[in-house]
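Asker: Can you keep this structure in mind? I'll have questions shortly.
The values are calculated or read from the model by the stated rules, or taken from the named source; none is laboratory data. From a predicted model like this one, the values you see are computed outputs, not experimental measurements. Glycine also receives a Cβ, built like all others from the backbone with ideal geometry; neighbour counts cover every protein chain displayed.
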Amino acid sequence: MLFYALERLRGLLFPQVEISLPPDHLMAETDLEVRVRDGTILRANLYRPRAEGRYPVILSLHPYGKDILPRPGRPILTYRLMRQTGPVRHSSWTGWEAPDPVYWAERGYAVLNCDLRGFYRSEGQAVMLSEQEGLDYYDLIEWAAAQPWCNGKVGLSGVSYLCITQWRAAALRPPSLAAICAWEGFTSAYHDLAYPGGVREDGFIPFWFGKLDRRRVVENLRQAQLEHPRFDDYWASRQPKLEDIQVPALICASFSDHNLHSHGSFEAFRRISSTNKWLYTHRDGKWAAYYSEDALKWQTRFFDCFLKGLDNGMKEVPPVRLEVRRTRSQVHQLRAESQWPPASLREQVLSLGAARTHFPKGKVSFEHRFESDTELTGPMNLRLDLETDSELRLFAGLRKFSQGKEVTFEGSYGFGRDLVTRGYRRLGPGRDLVEVELLPSSTYFQAGDSIRLDLQGRYFFSRTPWGQFPAAYEVSPPGHLTVHSAELCLPVILQETSDS
């Protein structure tokens, strides 16, 4: 724990971020005005080669400020607050979680970075996670496609909120939208973030919303979360229609962002109607992964195919890039799969037994030792016959142990001591058969390793700089939990496929 605390402190003082200056053969134009259908003016920065030409456009729309840019030696503050898993390298034109204009312009693209309605240089008032964001994106796409420096094809790229806005835009099917690179973005604000399993999230939402420039934001998202504890029309109106998305898509769904984007990203890959779609999985830090050499190779090949029309074999690439982890820092295997979850998955059901405890302080644990090498890849499911005497909050977590020591993994918000996976469930009083969905993961266990299921009434980690800041969830009210029986359904991958 001391070593990890020192690692976090070092990252706070000296983040692993390398910022480079743009070369002279590229150009930047600031505050280009785009009038959308209701007359509101959005403003964007354009980056492209100085040489005259018609280039495909890579576009992003977000609330983080297109002009809030890093400088060499001075990365954006969030990189200090959230630990990096490895060097993050991009140019000083790169906004928060946005594509690097220098990387793409040097490869024959134009990059457009736009302020969301109601933020910074764009006009209007913001209604976050709304249909309006999709309509604005639609108009921005069609405006960009009609410019003399564009070849008529537009692609979208970006991480987190820059991905969430892509779902909205793509579902509306703008004619000039040719491809989306949707890198880790939830698809249900209620189920993926605000109330996973009906349990209220109390950490990231107030932290993130509090950091935004909210002067022209119509509603307080934290207040709305508190006023809508059940899934209702408010939350339904903030979900994109994934089945309406038909554009080619490269989707990143990580195993390291269970608190935020993992579930929604996998759901998007499953539900969108695109004929050409790929799933890029990893268990690294989201920013280190997005700007990594391997990810950029995938992104470049993808955009070259669908924005430039190059016959580069992208359409023949297997649809799933699967990364299997042994530990936080050790990749067991990297391989291609024909589908998600893998076709070789076979469910193994563990009968775990019975127990009783008192929430929120008590905890119930069940452990299983693997007799042979085992890969678990896919979503898991927990079936419980349980009884409670009050309305409780259940946190179910799976941990890996090897030679008696816990093996930890990369998690959300730069946290490096995470579980294998977890799930949440709001429980009513009385006896019931309950299923708890455990989020997708891909983990390798050697013979002799074990997996432990913990059932408890509070979140697994503290909300401190050395814990999983800013993650926090409501604590369960007091009450007894009786587990009459428990079954854990494991997604076991047949070894003849795993070792091929």
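Asker: Quick check on segment 271-292: of everything there that is assigned to a helix (DSSP H, G or I) and touching a strand residue (DSSP E or B) at 6+ places or on another chain (Cβ under 9 Å), which residue is surrounded by the fewest Cβ atoms within 10 Å (Cβ to Cβ)?
Answerer: By that ranking, first place goes to Ala288.
Asker: Go through Ser402, Ser450, Ser462, Ser485 for me and flag whichever is under 22 Å from Gly197 (Cβ atoms), in contact with an Asp or Glu (Cβ under 9 Å, 6 or more places away or on another chain) and assigned by TED's automatic domain parsing to the domain that holds Thr377.
Answerer: Ser485
Asker: Output the residue which, of all residues in segment 465-500 that are closer than 19 Å to Ser256 by Cα and surrounded by fewer than 19 Cβ atoms within 10 Å (Cβ to Cβ), is modelled with the highest pLDDT.
Answerer: Step by step, filter segment 465-500, then rank; the result is Gly467.
Asker: Quick one: which residue in Lys308, Lys363 is under 19 Å from Tyr103 (Cβ atoms) and in contact with a strand residue (DSSP E or B) (Cβ under 7 Å, 6 or more places away or on another chain)?
Answerer: Lys308
Asker: Next question. Going through segment 225-244 one residue at a time, which ones are without any contact (Cβ under 8 Å) to a residue 40 or more places away in the chain and either of a type outside the set (Phe, Trp, Tyr) or not assigned by TED's automatic domain parsing to the domain that holds Asn276 (or both)?
Answerer: Gln225, Leu226, Glu227, His228, Pro229, Arg230, Asp232, Asp233, Ala236, Glu243
Asker: Just for segment 139-176: of the residues that are in contact with a Leu (Cβ under 7 Å, 6 or more places away or on another chain) and assigned to a strand (DSSP E or B), which one is nearest to Gly411 (Cα to Cα)?
Answerer: Leu156
Asker: I'd like the full set of residues that are of a type outside the set (Val, Ile, Thr), in a loop (DSSP other than H, G, I, E, B) and surrounded by fewer than 17 Cβ atoms within 10 Å (Cβ to Cβ), limited to segment 213-240.
Answerer: Residues satisfying the conditions are Asp213, Arg215, Arg216, Glu219, Asn220, His228, Pro229, Arg230, Phe231, Asp232, Ser237.
Asker: Output the number of residues of segment 53-64 satisfying the condition of being small (Gly, Ala, Ser) and either within 9 Å of Gly155 (Cα to Cα) or touching a strand residue (DSSP E or B) at 6+ places or on another chain (Cβ under 7 Å) (or both).
Answerer: Adding up the residues that qualify gives 1.
Asker: Can you name every residue in segment 246-266 that is more than 22 Å from Leu376 (Cα to Cα) and either touching a Lys or Arg at 6+ places or on another chain (Cβ under 6 Å) or polar (S, T, N, Q) (or both)?
Answerer: Within segment 246-266, Gln246, Ala249 meet the criteria.
Asker: Would you call Thr327 among the polar types (S, T, N, Q) and surrounded by 18 or more Cβ atoms within 10 Å (Cβ to Cβ)?
Answerer: So Thr327 fails the test.
Asker: For residues that are in a loop (DSSP other than H, G, I, E, B), on the phi < 0 side of the Ramachandran plot and in contact with a helix residue (DSSP H, G or I) (Cβ under 9 Å, 6 or more places away or on another chain), scanning just segment 177-201, find the one that is surrounded by the fewest Cβ atoms within 10 Å (Cβ to Cβ).
Answerer: Arg200
Asker: Do the conditions hold for Ile205, that is, is it touching a residue at least 12 places away in the same chain (Cβ under 8 Å), buried (at least 17 other Cβ atoms within 10 Å of the Cβ) and touching a strand residue (DSSP E or B) at 6+ places or on another chain (Cβ under 9 Å)?
Answerer: When the stated conditions are applied, Ile205 does not pass them.
Asker: Which one is nearest to Phe119 (Cα to Cα), of the residues in segment 45-67 that are over 25 Å from the mean Cα position of the chain (by Cα) and part of a strand (DSSP E or B)?
Answerer: Looking at the filtered set, the residue picked out is Asn45.
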